[in-house]
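These notes concern the structure reproduced below.
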Amino acid sequence: MRRWWEDVVIGHGRLPLACLLLGFIVGFILIRISVRLIRKQVRWWPGNLRAGDVHIHHMVFGVILVLTSGVGFVTLYQSPVGVIAAVAAVFGVGAALVLDEFALIYYLRDVYWEEQGRTSVDAVFVAVAVTGLLLMGFHPLWLLDISNVRDIRSDPNVPERVFTILFALVNLTLAAIVIAKGKIWTGLFGMFFLPLLVVGALRLSRPGAPWARWRYANRRGLMRRAIIRERRYRRPVIRAKIFVQDLVAGKPDVAHVRRAAEAELVRTVVPAPPAPPSEHPLLFSSRKVAD
């Protein structure tokens with residue numbers, strides 16, 4: 001572990017990124033402990049902060065920390081790496097406070113302990129996953145660092161810049177297809193591992209995704225296969241996800257996990273509505289004039 005830390009993190013200049021991830025995780029854990037203690041009304045723990053009748057959400061302090069550390073990054077960018085790492089840790093704590101109430105930002109309602117509050121947990125998982133991959137050295141163009149690809153790049157007949165741009169375009173195109181098929185996590189991680197994008201692009205779309213709306217509306221066989229497959233494979237995944245979300249957000253309950261999973265399957269695993277018929281603009285204009 002020490003060797004990995006020195007060779008991979010410090011040796012490659014990723015100490016600020018590591019401190020950002022550490023600050024993010026620590027900030028998220030501490031704020032979750034705090035809100036649970038507040039919810040249980042523990043006497044020795046300070047309650048919610050208020051300004052008169054206004055409840056001050058911890059997201060406010062997160063925004064302040066993010067803005068302050070952002071200004072620090074701009075003004076101290078030439079400082080020693082230790083100073084930048086400290087600022088990155090502050091940024092991570094602030095980002096954790098903001099994303100922990102991401103559902104409040106998204107829904108513009110205080111849904112922290114409600115069903116929609118799981119959106120905050122999803123946002124935190126995404127942030128930790130992406131930062132962890134970057135810390136380990138993965139990035140959307142990491143395959144260009146493989147030795148055999150480097151040999152191609154060194155060939156004077158293949159300009160390096162053109163090769164990099166083409167690779168990035170292929171990567172982004174496949175990621176767009178996978179995300180259009182409703183596979184958000186596959187598209188996210190596939191940006192760091194190209195074969196995963198290829199598999200996601202070749203497999204069936206989720207039935208409610210935009211891709212299914214465009215491609216499966218008039219192909220009932222494909223839509224039926226997509227629905228059956230989605231329900232079969234998504235059920236254990238959704239149950240595991242809800243269990244983890246409940247574990248983070250509150251006390252997990254097996255019966256609630258099963259009910260919530262079936263409710264989410266009924267709500268989300270539905271065929272996408274067909275795309276509206278396209279009309280020629282001149283024909284549409286003539287109809288309006290005739291009317």
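Rundown of residues vs (1) more than 30 Å from Glu262 (Cα to Cα); (2) of a type in the set (Phe, Trp, Tyr); (3) not assigned by TED's automatic domain parsing to the domain that holds Arg14, yes/no style:
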{"residue": "Ile31", "(1), (2), (3)": "yes, no, no"}
{"residue": "Asn48", "(1), (2), (3)": "yes, no, no"}
{"residue": "Ser69", "(1), (2), (3)": "yes, no, no"}
{"residue": "Phe73", "(1), (2), (3)": "yes, yes, no"}
{"residue": "Val83", "(1), (2), (3)": "yes, no, no"}
{"residue": "Ala86", "(1), (2), (3)": "yes, no, no"}
{"residue": "Glu114", "(1), (2), (3)": "no, no, no"}
{"residue": "Thr119", "(1), (2), (3)": "no, no, no"}
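Kindly indicate the residue of segment 224-254 that is of a type in the set (Gly, Ala, Ser) and modelled with pLDDT of 80 or more and also surrounded by the most Cβ atoms within 10 Å (Cβ to Cβ) among those meeting that condition.
Ala226
Condition (residue is outside any helix (DSSP H, G or I), within 22 Å of Gly137 (Cα to Cα) and out of contact with any helix residue (DSSP H, G or I) (no Cβ under 6 Å at 6 or more places or on another chain)) applied to segment 23-31: is it met by at least one residue?
no
Taking segment 32-65, which residues are surrounded by 14 or more Cβ atoms within 10 Å (Cβ to Cβ) and in a loop (DSSP other than H, G, I, E, B)?
The answer is His57, and nothing else.
If I filter segment 103-123 for residues that are in contact with a His (Cβ under 7 Å, 6 or more places away or on another chain) and either at pLDDT below 90 or in a helix (DSSP H, G or I) (or both), do I get at least one hit?
Yes: segment 103-123 contains one or more residues that are in contact with a His (Cβ under 7 Å, 6 or more places away or on another chain) and either at pLDDT below 90 or in a helix (DSSP H, G or I) (or both).
Restricting to segment 8-54, what's the tally of residues that are on the phi > 0 side of the Ramachandran plot and within 26 Å of the chain's Cα centre (by Cα)?
Number satisfying all stated conditions: 1.
In segment 99-110, what residues are over 15 Å from His58 (Cβ atoms) and among the aliphatic types (A, V, I, L, M)?
Selection gives Leu108 alone.
Looking at Leu143, Leu174, which one is over 17 Å from the mean Cα position of the chain (by Cα) and at pLDDT below 55?
Just one listed residue meets the conditions, Leu143.
The values are calculated or read from the model by the stated rules, or taken from the named source; none is laboratory data. Computed from a predicted model, the values in this text were never measured in an experiment. Here the Cβ is made from the backbone with ideal geometry for all residues, glycine too, and neighbour counts use every protein chain on show.
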